[in-house]
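The values are calculated or read from the model by the stated rules, or taken from the named source; none is laboratory data. Keep in mind it's a predicted model, so treat the numbers as computed, not measured. Reconstructed Cβ throughout: ideal geometry from the backbone, glycine too, with neighbour counts over all protein chains shown. For accessibility, only protein heavy atoms count, side chains too; no ligands or nucleic acids. Shrake-Rupley method; radii C 1.70, N 1.55, O 1.52, S 1.80 Å.
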Protein chains: 2
Amino acid sequence: MPRFTDLVAVLSASVPFVGPEAQERARKRTFKARIGANESVFGPSPKALRAMKEATEEVWQYGDPENHDLLRALASHYGIKSENIVVGEGIDGLLGYLVRMLVKPRVSVVTSRGAYPTFSYHVAGYGGTLVTVPYTEDHENPHALVAMARKVNASLVYLANPDNPMGTWNSFETVADAVRCLPHDCLLVLDEAYIDCAPPGTAMEIDVKNRSVIRMRTFSKAYGMAGARVGYAIGHEELMNAFNKVRNHFGMCRISQAGALAALRDREYLSEAVGKIAAARKGISDIARGCGLEPVPSAANFVAIDCGADGAFAKRVLEGLIERDIFVRMPFVSPQNRCIRISAGTDADLELFKSALPQALEAARLQVAG
Amino acid sequence: MPRFTDLVAVLSASVPFVGPEAQERARKRTFKARIGANESVFGPSPKALRAMKEATEEVWQYGDPENHDLLRALASHYGIKSENIVVGEGIDGLLGYLVRMLVKPRVSVVTSRGAYPTFSYHVAGYGGTLVTVPYTEDHENPHALVAMARKVNASLVYLANPDNPMGTWNSFETVADAVRCLPHDCLLVLDEAYIDCAPPGTAMEIDVKNRSVIRMRTFSKAYGMAGARVGYAIGHEELMNAFNKVRNHFGMCRISQAGALAALRDREYLSEAVGKIAAARKGISDIARGCGLEPVPSAANFVAIDCGADGAFAKRVLEGLIERDIFVRMPFVSPQNRCIRISAGTDADLELFKSALPQALEAARLQVAG
């Protein structure tokens, strides 16, 4: 075989998430409700759809490697310079580049135990030592993360606000205060994939002079364009420029670039989508309570539902939902894995979930009794 | 600043190619003919266009991380197993993953002097030592590459067949013979981006049992979908599986997946596009000869034209074309940089090129005389 690097030779092939399509193929049956991957069933702005359809006619051309138009629009939206933004192939792609820039064997990285698996996948992939901090009452704990970063001399700390898989959030004061406590050469990557769905006061003010923080945002969630793969990072100019050392300059889909630009401009549609997401969160929470379960308050486009027992029980509930053609997921790690995680769905999706959940619960309880 | 790895700290920000859009912004004028990036002006199959337009409606969903349908279709097309194929974000993306798997500081990698810059960009990005071999009469020299690989104990050798930027090609016998001479733990990455445009007898037979070769192909060239970012690699199952250790599983655009699948199925359209490309190659060659210049015989979707003097002269010709709103590129390295490189264009593109070339030549000669 070829001479893999020592690092890659010992890595195992892994995937952070199994896709719903793979499950459908294994089940030989399609899902009736796709509310497991925190996608937005409400889809993108019709203007973004139109822009993408039109851009297919230009798909023979590579996308602009500078992402110029989208960068400028984002810069204007945030009142910052385009030098403070990098556009990439989703937050996943950008996290990969960032980890590559900072992590090598024997470098410590801090995250919450059970936080976003794709980040951990990248850290493992570059040989970093992942150090985890437990959630505090289902919330990521910014101060504990920073304290651990100091303790293990970490180069990088990951915090999602709002958090995935729990949907909980920290106030901007808490996050900003933790940032002030960061060791001077430690970078906080603040994953704000769900920020558009969060209540006011969740996002820190954007301060691109601060070299300690890089924020990541996306068109995959509230904007409803997960399949297009467009994310962006905001931060200090020097850090942003470092992405140009490693990024795949011609990696962006031209259709997606056009879609993101149009989506960004349609503020009205975004508000509308965020409203629908909030309503769906309430719907999911009501369904949970109707079954005697406790929903975890969420600022994201999904709700974690505490199934009231351990991970094994929640897993049975999850399996019961999947058997009933409802695609959902659940946290991987205890004690968060006592929950199942339901993405905002259409009314029809929630109706299906509403009828399936009591059955799945009943079946899970019977299994325990059995 | 954050603690970059030693490797990334010393890398400089660079881009393998400046995009035509960036040039248009600098010039404050759009190009009238876009025949510089080896895109296909003939575009994708109408069926692929339709599939992409339809898939925009599903863009709220992540793409299938297993690329199942496209893998199966490719496997069936080649009569191999889907385990022998990896789909990725263009050949550029796949080259990045491959280099990551094999290259680290002090690992030697062999390529031709002046060959595909994006490959060299990845090798530099992972700290490899790039060793180059000169072209032999404008052809990459497979045996010289392999001999150098042996000499410097390389882990990886890059060969494009047909070659970019020259468009020349090696017969399958030559390549197969060179492969037989590879050191047993050295991998040849055979970039076949342009293979669909090449004459019969250019592609080696596909032998997925051979652990010494990985082939890369794309929907960016003859299929006319450069902006969609879909490439694939073919090779031994174990090597293909290693991509699952490092790839961005959710990195593919869902619209692009759908487009590639439809494009692959439309064999008739591909033949037609390849015919148009061949006709355009002839057109470009005729125009060159009409100006007393020598076109380099090409098996790709472009033609390198020998401007008959040195790199400085060819650069002036290139600049003359760009001033006349014709976007073209040229090889970066001597002696190939005595050429300019013209991608297959529409009849209208070639008409513009035909009228601009004599003027650009004349202006370049006057500069020399002056």
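A few remarks follow.
- The set of residues in the stretch B:233-247 being open to solvent by 10 Å² or more (accessible area, probe 1.4 Å) and more than 10 Å from every other protein chain (Cβ to nearest Cβ) consists of B:Glu237 alone.
- The stretch B:2-16, residues that are open to solvent by 60 Å² or more (accessible area, probe 1.4 Å) and closer than 22 Å to A:Phe250 by Cβ: B:Ser12, B:Val15
- Set A:Arg229, A:Arg265: member being basic (Lys, Arg) and open to solvent by less than 20 Å² (accessible area, probe 1.4 Å): A:Arg229
- Total residues in the stretch A:51-80 satisfying the condition of being free of Cβ contacts under 8 Å to residues at least 12 places away in the same chain and in contact with a Leu (Cβ under 8 Å, 6 or more places away or on another chain): the figure is 1.
- Residues within the stretch A:136-164 that are under 18 Å from the mean Cα position of the chain (by Cα) and open to solvent by less than 10 Å² (accessible area, probe 1.4 Å), tallied: 10
- Condition check for A:Gly259: within 22 Å of the chain's Cα centre (by Cα), assigned to a helix (DSSP H, G or I), in contact (Cβ under 8 Å) with a residue 60 or more places away in the chain and farther than 20 Å from A:Ala193 by Cα: no
- Test: residue in the stretch A:65-76 that is at the interface with chain B (Cβ under 7 Å from one of its Cβ atoms), in a helix (DSSP H, G or I), under 24 Å from the mean Cα position of the chain (by Cα) and surrounded by 21 or more Cβ atoms within 10 Å (Cβ to Cβ): no
- Some residue of the stretch B:178-187 being without any contact (Cβ under 8 Å) to a residue 12 or more places away in the chain and of a type outside the set (D, E, K, R): no
- Selection within the stretch B:323-350 - under 22 Å from the mean Cα position of the chain (by Cα) and assigned to a helix (DSSP H, G or I): B:Gln336, B:Asn337, B:Arg338, B:Asp349, B:Leu350
- Scope the stretch B:226-240; condition touching a Leu at 6+ places or on another chain (Cβ under 9 Å) and without any contact (Cβ under 8 Å) to a residue 60 or more places away in the chain; matching residues: B:Leu239
- All positions within the stretch A:150-172 that are without any contact (Cβ under 8 Å) to a residue 40 or more places away in the chain and hydrophobic (A, V, I, L, M, F, W, C): A:Phe172
- Residue list for the stretch A:98-114, filter: open to solvent by less than 10 Å² (accessible area, probe 1.4 Å) and either within 11 Å of another protein chain (Cβ to nearest Cβ) or part of a loop (DSSP other than H, G, I, E, B) (or both): A:Leu98, A:Val99, A:Met101, A:Leu102, A:Val103
- Members of the stretch A:7-54 found to be over 22 Å from the mean Cα position of the chain (by Cα) and facing chain B (nearest Cβ under 8 Å), listed by number: A:Leu7, A:Val8, A:Leu11, A:Ser12, A:Arg25, A:Leu49, A:Met52, A:Lys53
- In the stretch A:213-232, the residues that are at the interface with another protein chain (Cβ under 10 Å from one of its Cβ atoms) and of a type in the set (S, T, N, Q): A:Ser220
- Filter result for B:Thr168 (over 21 Å from A:Asn248 (Cα atoms) and open to solvent by less than 10 Å² (accessible area, probe 1.4 Å)): yes
- In the stretch B:281-294, of all residues being part of a helix (DSSP H, G or I) and open to solvent by less than 50 Å² (accessible area, probe 1.4 Å), the one that is nearest to B:Asp191 (Cα to Cα) corresponds to B:Arg281.
- Selection from the stretch B:16-32 of residues that are in contact with a helix residue (DSSP H, G or I) (Cβ under 9 Å, 6 or more places away or on another chain) and touching a residue at least 40 places away in the same chain (Cβ under 8 Å): B:Pro16, B:Phe17, B:Gln23, B:Arg27, B:Thr30, B:Phe31, B:Lys32
- Being in contact with a strand residue (DSSP E or B) (Cβ under 9 Å, 6 or more places away or on another chain) and outside any helix (DSSP H, G or I) is a condition met by at least one residue of the stretch B:143-153.
- Counted residues, the stretch A:355-370 - those being part of a helix (DSSP H, G or I) and open to solvent by 60 Å² or more (accessible area, probe 1.4 Å): 8
- Output for the stretch A:163-190, where each listed residue is touching a Ser or Thr at 6+ places or on another chain (Cβ under 8 Å), more than 18 Å from A:Pro297 (Cβ to Cβ) and not in a strand (DSSP E or B): A:Val179, A:Leu182, A:His184, A:Asp185, A:Cys186
- The single residue among B:Val303, B:Val317 that is in contact with a Ser or Thr (Cβ under 7 Å, 6 or more places away or on another chain) and modelled with pLDDT of 95 or more turns out to be B:Val303.
- Qualifying residue in the stretch B:341-350 (condition: more than 24 Å from B:Met225 (Cβ to Cβ) and either open to solvent by 20 Å² or more (accessible area, probe 1.4 Å) or modelled with pLDDT of 95 or more (or both)): no
- Filter result for A:Gly127 (open to solvent by less than 30 Å² (accessible area, probe 1.4 Å) and outside any helix (DSSP H, G or I)): yes
- Every condition in (1) farther than 21 Å from A:Pro16 by Cα; (2) open to solvent by 10 Å² or more (accessible area, probe 1.4 Å) holds for A:Arg338 except the one numbered (1).
- Candidates A:Asn210, A:Asn153, filtered to the one that is at positive phi and either of a type in the set (Phe, Trp, Tyr) or within 14 Å of chain B (Cβ to nearest Cβ) (or both): A:Asn153
- Search result, residues across the stretch A:295-318 that are open to solvent by 30 Å² or more (accessible area, probe 1.4 Å) and over 23 Å from the mean Cα position of the chain (by Cα): A:Gly308, A:Ala309, A:Asp310, A:Ala312, A:Arg316
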